[in-house]
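**Student:** One structure is given below, represented as structure tokens, and several questions about it will come after.
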Amino acid sequence: MVSKRFTIADYKTSVHNDWCPGCGDFGILNSIQMVLTEMQLPNHKVAIFSGIGCSGKTPHYINVNGIHTLHGRVLPYAIGAKLANPNLEVIAVGGDGDGLGIGAGHFVNIGRRNIDLTYIIFDNGVYGLTKGQASPTLKLGIKTKSLPNPNINQNINPIALALVAGFTFIARAYSYDIKHLKDVIRKAIEHKGLAFIDVLQPCPTYNDIYTREWFAGEGNMDPTTMKERSRVYKLEDENYDPIVHEGSKEEINLKMAQAIAKSNEWDNRIPIGVFYKNEHGYIYEERIESRISDYKENPPALQKIESNGISIASIKSILQLL
Amino acid sequence: MNIINELSWVTGGPQGSGVDTSANIFARACYLAGLHIYGKREYHSNIKGEHSYFTIRVSNKTIRSHLDRIDMLVALDAETIFRHLSYVSKGASIIYDSSLNDKRLEDINTIGDVARRRIETFLKSKNKNSVKDMLDSVRDECSICSIPFNELLSQLAAERGESMLSRLTRVTNIMSVASSLALLDLDVKYIHDAIKSIFKSKTNVIALNIDAANKAYNYTKAKYDISKRFVSKSLDNLILLQGTQAAALGKISAGCRFQTYYPITPATDESEFLESNQIISNIDGTKGSLVVIQTEDEISAITMATGAAIAGARSSTSTSGPGFSLMAEGLSWAGMNEVPVVITLYQRAGPSTGLPTRHEQGDLLFAINAGHGEFPRAVIASGDVEEIYYDTIRAFNYAERYQMPVIHILDKALANSLVTCKVYDTSKIKIDRGLLIDSVNGDYKRFRLSDDGISTRVRLGTENGIFWNTGDEHDEYGHITEDPEMRDIMMEKRMKKLDTMLRDLSNEEKAIFYDNNSDKTIITWGSPKGAILDAISMLDNTFNMLQIKLLQPFPSSYISEVLSNTQMVIDVEMNYSAQLAKLIKLYTNKEVDYRIVKYNGRPISADELYYALSNIINGSKERRVVLRNGV
């Protein structure tokens, strides 16, 4: 039997896409579809979970299982599905307000669990769908188009927060560099453990400060060439090594410190690429397996619980101990 | 010596000192001796030091509630005597250590001002307020057994070569239980077996406790006459367990394989019990397993359980009122996406933190209405520990059959009751997964329209069965729509499931009618069932009782039918505003005649309800009766 090869069309739906023209979300959507094609993942084995906002609509445009959840709660929904059936490929997506504002508690706490799933934040500094309020990643003093006053809050550094929370793969990408973004998403999916990607994704309608042009280098003169230089640069071009190779405490400390230092770069030079990767600890699924030996083969979602409509579970031995 | 059919036994002491363990051992010993048990646990929101106590009612026939009356009081500290002595009955036995005699009321800093004034009123004097004064006031009517527990403890320490007496102080609790058994002329072997059962594999602890029990048992037998003896034993095949354990066992039998929780009193015991029993033996020789996740908050608990349900697991979460408040948005999403998820809601006294370790049924209307917008859900309530097991299984069957969240509403009194009930019949536990399908042919639509509102459902990962969920209004595939026509169609599809459910369910699943051929009917829901049935039997069955089990969707026609044949309707429930009576009015247009309510955090006792109902029989005009008993 010749198995069918999936093409990118197999991962698209006919649902009308209502994002604004030029929205950075398109680059992320296309990259996800390209990665699914590259990896030849069967549609039914993938589940994409999303939060609320423009990014929340992403699953409706991808022809795999799509669960569009509540504002801020994408991670616990995704965790529930993944742990009920660890054989599913689970990807979670959401906005920066969704994941780092209302959902910050889940963002931090998922780090304690190192679950084998990928979380992509569409990071544009504003709440787009509610018309442009400041989000947790907008810097202090910045006044985007629809703010009455400059932003009064400092910003969260998503890379550093993910690092201290316990994510084991942490990357940043840029939505207009699709090839790079696609490669980062693939690395994240292939990472064994909890992966986070912060995707810089200009909102063409409400963020008039961090625009596509700004990232491309508008007003950022290179003193030697006297030409505008892209603000975004790739960590891998500068021999940055994100990987924890040995897994010693000292090495982990160094790699984490290096990632935090890099994550603080902004303005004229903004690094993208993989900041940190550590596959040395046990993932959560393995921790469950240490208690339930057949957990992966017989996970909660697939367990047989009845025979001809009658429960097969026996509570006799528990009753005897009562 | 009195020949007795039943006994109300109370022990008390500072929290963390072993009151709970000793009460469990007393209950277990009596259970092993072939008696029925109804145990009620009362404790403060505190780790160590505040007063806690345990009431164990023991009987040779079925009992369903506690009594305020105390027939045997075991006081290991002065506070227990101060707080509980006013409830001792004529002929009661009081076990204490006479070294407590000189303790005075003002020495007890854990008794607050309000309780102190109550006790002073009982003593009628501010000057005579020692333990001895307290006991003097009942000495003519009660038999007071002074056991020198501390002296016996010193002897025990010497015999065992234990130099640190403080290491042994906890066993005084066991000694007091042994003295109780001696006064009841129950064989000392029952306490040995109870000790072994409670301490399981801790052989040193078992040996120490058995030594201590023997010492106190023999001392008591030698010094005091037998005070009471049970006339006979029960012949029923019984198990002894708590409400949280009954719910956990129900979940295991129901095939629940994913449970989430955030720690909260009084729900957490259930999740811990499940985790302790997470490897499941199946009757076909295979093993099953249950994943239990302690989440970061209740928002995560409901949404994670919902995610697991979407993946295909029977899934649930357990919580109490404050946690359930946080779950409202997730509940609404589960309703919108027709996800079968079960929420076990153990009510406690609110509002807000309220009385966090005390009892109330204040969340009925909240459970029915929580969550924004309108969506189908079921709310079912159990009346006792036996029902909890079977109702838990029903909750999962309803959830999957009707593809909606099901709230199984329980309360603190049920959660922490330690009771005997008939051993569960596990031979024919029905599992109904509704329209869950394993394979798909053709175009799959998760929300395909149907006459009864129910669509086929697949697990995530089913070939050809890709689907979408969204909290937005959606079309049959699960994609967002704002079309007015599609909105109407989908709203009607979802809500129709409530009518389907009401059509399907038997009357017994909706409500249980205890028909005593009376023209007076008591209506209730949840845990007051026990006190009501016991009080009715004390009143020679002069009332019927209608226990409503399905609160949402409300079984209006069946309830109307039952109530149309009765002259007087009395509502009994544990909240301020008589919430069930409001539902009855809303759905049947019937105004109840009397409301008996209680909201002081202590469960209704059979005896206080007996008095309240007697007053109604005797023509009392008071339409709203507030019960106020309890310590």
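Where a number appears in this text, it was derived from the coordinates with a stated rule and is not lab data. Treat the numbers as computed from the prediction; the structure is a model and nothing was measured. All Cβ positions, even for glycine, are placed from backbone atoms using ideal geometry, and neighbour counts span all protein chains on display.
**Student:** Calculate the tail of P(r) for the range B:436-504: the fraction of all Cα-Cα distances greater than 17 Å, expressed in %.
**Tutor:** 45 percent
**Student:** Further question on the same structure: Which peptide among B:317-323, B:278-284, B:267-273 comes first, and what is the full order, when sorted by highest mean count of other Cβ atoms within 10 Å?
**Tutor:** Going from most to least packed, we get B:317-323, B:267-273, B:278-284.
**Student:** In nm, to one decimal, how far is the modelled label at B:Asp483 from the one at B:Met495, with both set 7 Å along Cα→Cβ?
**Tutor:** A separation of 2.0 nm, rounded to one decimal place.
**Student:** Between A:His16 and B:Glu159, with labels modelled 7 Å along Cα→Cβ, what's the label distance in nm to one decimal, could you check?
**Tutor:** Placing both labels 7 Å along Cα→Cβ, they lie 8.8 nm apart.
**Student:** Pairs to check: A:Lys192/A:Lys262; B:Lys520/B:Lys549; A:Lys145/A:Lys255; B:Lys202/B:Lys430. Give those whose C-alpha atoms are more than 31 Å from each other in this structure.
**Tutor:** From A:Lys192/A:Lys262; B:Lys520/B:Lys549; A:Lys145/A:Lys255; B:Lys202/B:Lys430, over 31 Å: A:Lys145/A:Lys255; B:Lys202/B:Lys430.
**Student:** Here's a follow-up. Kindly identify the range B:50-196 as rounded, prolate or oblate by the Cα gyration tensor criterion: order the square roots of the eigenvalues as a ≥ b ≥ c, call it rounded if a/c is under 1.5, otherwise compare a/b with b/c, prolate if a/b is larger, else oblate.
**Tutor:** Because a/c hits 1.5 or more and a/b fails to exceed b/c, the range B:50-196 counts as oblate.
**Student:** Contact order normalised by length for chain A, with contacts defined as Cα pairs under 8 Å and 6 or more residues apart; what percent is it?
**Tutor:** So the answer I get is 16 percent.
**Student:** Using alpha carbons only, how many angstrom separate the centre of the range B:453-490 from the centre of the range A:65-94?
**Tutor:** Comparing the Cα centres of the range B:453-490 and the range A:65-94, I get a distance of 17 Å.
**Student:** Relative contact order of chain B: what whole-number percent is it, with Cα pairs under 8 angstrom and at least 6 residues apart?
**Tutor:** 12 percent.
**Student:** Please report, in debye to the nearest 20, how large the charge dipole of the protein assembly as shown is about its Cα centre when each Lys and Arg carries +1 at its beta carbon and each Asp and Glu carries -1 there.
**Tutor:** In total the dipole reaches around 1480 debye.
**Student:** What is the range B:509-626 by shape, rounded, prolate or oblate, if you read a ≥ b ≥ c off the alpha carbon gyration tensor as root eigenvalues and call it rounded for a/c under 1.5, prolate for a/b larger than b/c, and oblate otherwise?
**Tutor:** Since a/c stays below 1.5, the shape of the range B:509-626 is classed as rounded.
**Student:** How many Cβ atoms of partner chains, on average, are near each residue of B:251-258 if near means within 10 Å of its Cβ?
**Tutor:** 6
**Student:** Positive end of the dipole of chain B, charges at C-beta (+1 Lys, Arg; -1 Asp, Glu), about the Cα centre: which of B:Ile437, B:Leu135, B:Gly288 has its Cα farthest in that direction?
**Tutor:** Towards the positive end, the residue furthest out is B:Leu135.
**Student:** So if R0 is 22 Å, what FRET efficiency would B:Lys621 and B:Leu539 give, r being the distance between their Cβ atoms, rounded to the nearest 0.05?
**Tutor:** Step by step, r from the Cβ atoms, then E = 0.70.
**Student:** How large is the Kirkwood hydrodynamic radius of the protein assembly as shown, in angstrom, based on all distinct alpha carbon pairs?
**Tutor:** Averaging 1/r across every pair of different Cα atoms and inverting gives 30.9 Å.
**Student:** Taking the highest mean first, how do the peptides B:70-82, B:47-59 order by number of other beta carbon atoms within 10 angstrom per residue?
**Tutor:** B:70-82, B:47-59
**Student:** Is the shape of the range A:23-145 best called rounded, prolate or oblate, per the rule: a/c under 1.5 gives rounded, else a/b larger than b/c gives prolate, else oblate, with a ≥ b ≥ c the square roots of the Cα gyration tensor eigenvalues?
**Tutor:** Because a/c hits 1.5 or more and a/b fails to exceed b/c, the range A:23-145 counts as oblate.
**Student:** Please report how far the C-alpha centroid of the range B:330-388 lies from that of the range B:7-45, rounded to the nearest whole angstrom.
**Tutor:** 29 Å
**Student:** With r as the distance between the Cβ atoms of B:Tyr587 and B:Gln567 and R0 = 35 Å, compute the FRET efficiency 1/(1 + (r/R0)^6) and round to 0.05.
**Tutor:** 0.95
**Student:** For A:Ile120, what residues show an amide H to amide H distance below 5 Å, using hydrogens built from the backbone and excluding near sequence neighbours?
**Tutor:** A:Ala92, A:Val93, A:Gly94, A:Ile197
**Student:** If one computes the Cα centroid of the range A:142-172 and of the range B:537-595, what distance in Å separates the two points?
**Tutor:** So the two Cα centres are separated by 56 Å.
**Student:** Then there is this: Relative to the longest principal Cα axis of chain B, at what angle does helix B:19-32 sit, 0 to 90 degrees, rounded to 10?
**Tutor:** That works out to roughly 90 degrees.
**Student:** Tell me, what is the percent relative contact order of the range B:276-355, built from C-alpha pairs under 8 Å that lie six or more residues apart?
**Tutor:** Reported as a whole number, the value is 26 percent.
**Student:** Give the long-range amide H neighbours of B:Thr456: residues separated by 5 or more places, or on another chain, with amide H under 5 Å away, using H modelled in the peptide plane at 1.01 Å from N.
**Tutor:** B:Arg448
**Student:** Evaluate the Kirkwood expression for the hydrodynamic radius of the range B:241-422, namely the inverse of the mean inverse distance over all pairs of different C-alpha atoms, and round to one decimal in Å.
**Tutor:** 15.8 Å
**Student:** So what's Rg/Rh here for chain A, counting alpha carbon atoms and using the Kirkwood radius for Rh?
**Tutor:** We get a ratio of 1.02 for chain A.
**Student:** Can I ask one more? Relative to the longest principal axis of chain B, what angle (0 to 90°, nearest 10) does the C-alpha long axis of helix B:149-160 take?
**Tutor:** Tilt of helix B:149-160: around 90 degrees.
**Student:** Among B:139-148, B:287-296, how do they line up from the highest to the lowest mean number of other beta-carbon atoms within 10 Å?
**Tutor:** Per-residue mean Cβ counts within 10 Å order the peptides as B:287-296, B:139-148.
**Student:** Something else: Across the range B:404-418, in residue order, what do the Karplus-derived ³J(HN,Hα) couplings come to in whole Hz, using 6.51 cos²θ - 1.76 cosθ + 1.60 with θ = phi - 60° and x for Gly and Pro?
**Tutor:** 8, x, 10, 9, 9, 9, 10, 7, 4, 4, 6, 4, 9, 6, 10
**Student:** Looking only at other chains, what is the average number of their beta-carbon atoms within 10 angstrom of each beta-carbon in B:294-305?
**Tutor:** Neighbouring Cβ atoms belonging to other protein chains average 6 per residue here.
**Student:** Compute the long axis of helix B:528-538 from its Cα atoms, compare it with the longest principal axis of the Cα atoms of chain B, and write down the angle in degrees, 0 to 90, nearest 10.
**Tutor:** With both axes taken from Cα atoms, the answer is about 50 degrees.
**Student:** Taking 0.36 nm per intervening residue step and subtracting the Cα-Cα distance, what contour gain separates A:Val164 from A:Ala216 on full extension?
**Tutor:** 15.7 nm
**Student:** Shifting gears a bit: Once the convex hull of the C-alpha atoms of the range A:167-322 is built, how many Å³ does it hold per residue, rounded to a whole number?
**Tutor:** 222 Å³
**Student:** Sticking with this one: Just from its helices, what would the mean residue ellipticity at 222 nm be for chain A, if runs of 4 or more DSSP H residues each count -39500 (n - 2.57) and the sum is divided by every residue, rounded to the nearest 500 deg cm²/dmol?
**Tutor:** -7500 deg cm²/dmol
**Student:** Which ³J(HN,Hα) values in Hz, rounded to whole numbers, follow from the phi angles of the range B:584-598 under the Karplus curve 6.51 cos²θ - 1.76 cosθ + 1.60, where θ = phi - 60° and Gly and Pro get x?
**Tutor:** Using θ = phi - 60°, the values come out as 4, 5, 4, 9, 10, 6, 9, 8, 6, 8, 10, 10, 10, 10, 7 Hz.
**Student:** On to the next question. Take every Cα-Cα pair in chain B and report what % of them are more than 40 Å apart.
**Tutor:** It works out to 33 percent of all Cα pairs.
**Student:** Per DSSP helix of 4 or more residues, -39500 (n - 2.57); summed, then divided by the residues of chain B. What does that give at 222 nm, rounded to the nearest 500?
**Tutor:** One gets -11500 deg cm²/dmol as the mean residue ellipticity at 222 nm.
**Student:** Then there's this: Could you work out, residue by residue across A:108-116, how many beta carbons of other chains sit within 10 Å of that residue's beta carbon, and then give the average as an integer?
**Tutor:** Counting other chains' Cβ atoms within 10 Å and averaging over A:108-116 gives 1.
**Student:** While we're on this one: Once you place label points 7 Å from the Cα toward the Cβ at A:Thr225 and B:Glu509, how far apart are they in nm?
**Tutor:** 7.2 nm
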